[in-house]
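Below: the structure, in structure tokens.
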Amino acid sequence: MGRASPEGGLPMTEVPGQLVAGQYQLVAEIGRGGFGVVWRARHERLGRDVAAKKLFLASHAGSLGTDQWQERSRRTFREARSAARIDHPAAVRIYDVVEHEGDPWIIMELVHGRSLNAVVRSEGPLPPRRVAEIVLRIVGALNAAHKAGVVHRDVNPANVLIGERGAVLTDFGIAVIQGDPSLTHTGVVMGAPAYTSPERARGEQAVPASDLWSLGATLYYAVEGGRPFPGPNANAVLYSILTTDPPAPRLAGPLTPVLNGLLHRDACERLTADDTIAMLEALLQDESVWADAGATIIRTGTDQRIAVTDPIPDDVPRPEPPRLRPARRASARRRTLALSIVPAVVLALLVVLSQRDGRTPAPPEQKGPAADAPRLVGTLTGDRVLTLSFSHDGNMLAAGGDGSAVRLWDVATQRQAGALRGQKYTVFSIAFSPDDRTLAGGGYDGQVILWNTTTQRRKSGFGTEGNSVASLAFSPDGKVLACAGTDAVRLWSTADRSWLSTLRSPAEYESTFTTAFSRQGRLAVAGSATIRLWNTVAGKSVTLTKVKAVVSSLAFSRDGGTLAAGGFDGSVRLYDTIRRRPLATLAGHDKSITAVAFSPRARVLASAGGETVRLWDAGTGKPMAAIRHGSAVVNALAFSPDGRLLATGSDDGAVRLYAIST
């Protein structure tokens, strides 16, 4: 049971009641990630409830020989026992490290509480003082871990639990297995993409400073209510981390210097754990800082909005901020950070929050000519949505994202028709085969699963050499499945269940992000430097255009003559694929484009950027209508095959269906 399953390299599952290592009885699965599954378990002799985490080493073993496997196991147990030496009240306690049927299990303290991720989703941005208290505890735990020789490698809001004894850092599982060279050489970047430090995004080894950057990103999420580096898929997020700065914090107030110091792209210039502790302790001891930064938060009921107001009017002089000094000598840049703490400067700011506590999301605002305005006809609720796909007969709509399950919806009744499970991590892309018998899904863990849509059971699966799956696309005849990963686009034969070829850009070091098939069989691939058109049979490509902004999404018109490319710069560019020349640039979004889609009925193009969906006349380039989703970022778009429905998927967990009259 500890080894990989024969089909697709996915680990076999355990069942409630099973006894692990002869003493820990599994009770219920708590959570599952890319490199492990956590169970609530009970120690048979002591009668104590614990958390038992099985590490998925087998699924990343590849073709290791016996000696290599044994060395990996020995290294894993050494690292796990190092993690067990961490002694800090804000670090989850590790009780035992055991082996069961060849796999390592970490037996940990069972912490009762909610994740920081869940708290922010339900409450919105947290007050800066509360965040300072949480971060002070977590940085203390990290400091203890680093002194024990352990780098956590997966600090993110989901791994910070808020319980009875305060904030606790959990899940040292990736810390245990990341040191394995055979994993590092595969190119796998472990951990949540949005909280991965720049050096790790470049494929370098994790160092203590990497944990501090991840802590900064976690701090940003807690106090601002959103990730510092959003993106439609893992590749885009990592590229953004490497090349851009996060948006300036609006609500952090006195925490701003700490935030900026932790998120410094250069690890050598980043705040250390000691510096961070000193700055936070000084802040928490000075009540005047929080008096200036105190935002008044007012919930307005069903519209789920938060009004944030600065208690000090604009015409009242603000006091000088306190001058803080780290406990030990730091660089001149760090001293500058510590001295530059400023009060919050937010006045009458209205923030619309994505609430996912079971209430129906607020209806979006729709703008456009009365006759042509899209009309909301249904809202389907679930987890955060990153990808959508209509079946070709129009009867089914699939939605994937957080929660690792793909939800199937009956379009006519707007009821959930099933859930396809098996992905171990966030699902970034899904696609129906042309005959609708198969649904492909892929995500950050690099695994692609093919499901039978009739039985809703897994047919087969395969890995992509450790590369996350940013997008999937079936060829028109269904014989080829294109999988866009970090380094290339790989073509999978659906009949032979084997790789046909790997398409790479001639440009050195170019990363790939997204791909799309035209109805005529041409494959478009967008990377960090170019958009290329491929003849997949001949294995040859031509450059359609060079790009300056990262392309996050692609869509072909029905006739294949026009390609739409959505970019991080907020523009949608249209290209003539026959003459290989630009046609138009559609500007109107003030945030990065996350999705584009052509209607099958007419030359209508939909684009999503931030909280807004826009409809365009692709022939003239003129805007037709706009739909605003409050503060819920829209990540996915899909037209029904008859073009009468537009589905949008967003961060608030809602799939909205609009009737399109054009």
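With a sphere of radius 13 Å drawn around the Cβ of G226, what net charge do the other residues whose Cβ falls strictly inside it have (Lys, Arg +1; Asp, Glu -1)? Present the calculation step by step, with values, prior to reporting the outcome.
Numbers: positive: R121, R227, R250, R384, K591; negative: E224, E611, D651, D652.
Taking every other residue near G226 into account, the sum is +1.
Ordered by residue, what ³J(HN,Hα) values in Hz, to whole numbers, does the range 205-217 give under the Karplus form 6.51 cos²θ - 1.76 cosθ + 1.60, where θ = phi - 60° and Gly and Pro are x?
In residue order, the calculated couplings are 5, 6, 10, x, 4, 5, 5, 5, 5, 4, 5, x, 5 Hz.
Under a cut-off of 16 Å between alpha-carbon atoms, report the lysines in cross-link reach of K424, not counting same-chain residues fewer than 8 places apart.
K53, K54
Pull out the extension gain between R504 and H392, defined as 0.36 nm times the separation in residues minus the alpha carbon to alpha carbon distance; nm, one decimal. Provide the component values of the computation, followed by the final result.
On the way: separation 112, 0.36 × 112 = 40.32 nm, distance 2.97 nm.
Working it through step by step, the gained length comes to 37.4 nm.
For the residue pair R603 and K540, what label-to-label distance in nm results when each label sits 7 Å from Cα along the Cα-to-beta-carbon direction?
Those two pseudo-labels are separated by 3.0 nm.
Please compute the modelled spin-label separation between D266 and D496, points set 7 Å along Cα→Cβ, answer in nm with one decimal.
Between D496 and D266, the simple spin-label model gives 5.1 nm.
Give the lysines reachable from K622 as a straight Cα distance under 27 Å; neighbours fewer than 8 places away on the same chain don't count.
Output for K622: K367, K546, K548, K591.
Using Cα-Cα distances under 8 Å and only pairs 6 or more residues apart, what relative contact order does the range 406-483 have, in percent? Let's see the in-between values first.
Numbers: 168 pairs, mean separation 18.5, N = 78.
The value is 24 percent.
Can you order the peptides 558-567, 111-120 by their average number of other Cβ atoms within 10 Å per residue, highest first? Don't jump to the answer; show the numbers that get you there.
Working: 558-567: 21.7, 111-120: 17.7.
Highest to lowest by the protection proxy: 558-567, 111-120.
Which whole-number percentage describes the relative contact order of the range 455-601, with Cα contacts under 8 Å and a sequence gap of 6 or more?
Details: 350 pairs, mean separation 19.9, N = 147.
For the range 455-601, the relative contact order is 14 percent.
Can you put H629, H152, H392, H146 in order, fewest other beta carbons within 10 Å first? Before the final figure, lay out the partial values.
Working: H629 25, H152 30, H392 14, H146 19.
Taking fewest neighbouring Cβ atoms as first place, the list is H392, H146, H629, H152.
Quickly work out the L284-to-R42 label distance, labels modelled 7 Å from Cα along the C-beta direction, and quote it in nm with one decimal.
So the label points at R42 and L284 sit 3.7 nm apart.
In whole angstrom, how far apart do the alpha carbon centroids of the range 593-618 and the range 118-148 sit?
The two parts, judged by their Cα centres, are 39 Å apart.
Grab the other residues whose beta carbon is less than 11 angstrom from that of G418, score K and R as +1, D and E as -1, and report the net. Write down the numbers at each step before the final one.
Details: positive: R407, R415, R421, R457; negative: D410.
Result for the local shell: +3.
HN-Hα J couplings of the range 629-634 from phi, Karplus 6.51/-1.76/1.60, θ = phi - 60°, integer Hz, Gly and Pro as x?
Values per residue, Gly and Pro as x: 9, x, 9, 7, 5, 8 Hz.
If neighbour count is taken as other Cβ atoms inside 10 Å, put V427, V550 in order from fewest to most.
Values: V427 28, V550 25.
In order of increasing Cβ crowding within 10 Å: V550, V427.
In what order do K424, K546, K459 fall by count of nearby beta-carbon atoms within 10 Å, going from fewest to most?
Details: K424 21, K546 9, K459 18.
Sorted ascending by nearby Cβ count, the order is K546, K459, K424.
Got a sec? Which residues in the range 477-491 would a label at L242 touch, if it sits 7 Å along Cα→Cβ and we count backbone N under 13 Å?
Backbone N within reach: 486-488.
Sequence gap at least 6, Cα distance under 8 Å: using those rules, report the relative contact order of the range 374-659 to the nearest whole percent.
That works out to 14 percent.
Give the Rg/Rh ratio for the range 374-659, taking Rg as the radius of gyration of the Cα atoms and Rh as the Kirkwood radius, to two decimals.
Values: Rg = 17.2 Å, Rh = 18.5 Å.
Taking Rh as the inverse mean 1/r over Cα pairs, Rg/Rh reads 0.93.
At a Förster distance of 41 Å, what's the computed FRET efficiency of A118 paired with R415, Cβ-Cβ distance as r, to 0.05?
On the way: r = 26 Å, r/R0 = 0.64.
Efficiency computed from Cβ-Cβ geometry: 0.95.
FYI, it's all coordinate maths here, none of it is from the lab. Keep in mind the model is a prediction, meaning the values are calculated, not measured. Don't worry about glycine lacking a Cβ; one is built from the backbone with ideal geometry, like all the others, and counts go over all protein chains shown.
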